[in-house]
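What follows is a single structure, written as structure tokens, with notes after it.
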């Protein structure tokens, strides 16, 4: 499934594209922060078929120079969201 990331305004390290096609997730740097961030895509070929509720699993193995293991879950409930308006 083709997909594209909105990276406008981000300090992109890698765009994740090969030959114009998205192959991996883009990474970006936030000034004043150590390390980098990754943009992720959640989706299906038919956006109307996304589940209304999801759980995002978070796994962190390093914060700055500190190594460790931090895990968590974020509940995502799209039933509470509004439909974006066309710009």
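Here are some notes:
- Linear extension gain, residue 42 paired with residue 8, 0.36 nm per residue minus alpha-carbon span: 10.4 nm
- Put in line by how crowded their Cβ is, counting other Cβ atoms within 10 Å and starting with the fewest, 63, 76 read 63, 76.
- FRET E, pair residue 19, residue 63, Förster distance 30 Å, beta-carbon r, rounded to 0.05: 0.30
- Fewest-first sequence of 5, 36 by Cβ atoms within 10 Å of each Cβ: 36, 5
- Rel. contact order, % - alpha carbon contacts under 8 angstrom, at least six apart, the chain: 18
- Ordering of 13-19, 54-60 by packing is 13-19, 54-60, highest average first (other Cβ atoms within 10 Å, averaged per residue).
Here, each number is a calculation from the coordinates, and none is a lab measurement. These numbers come from a predicted model, not from an experiment. Heads up, the Cβs are rebuilt from the backbone with ideal geometry, glycines too, and the neighbour counts pull from every protein chain shown.
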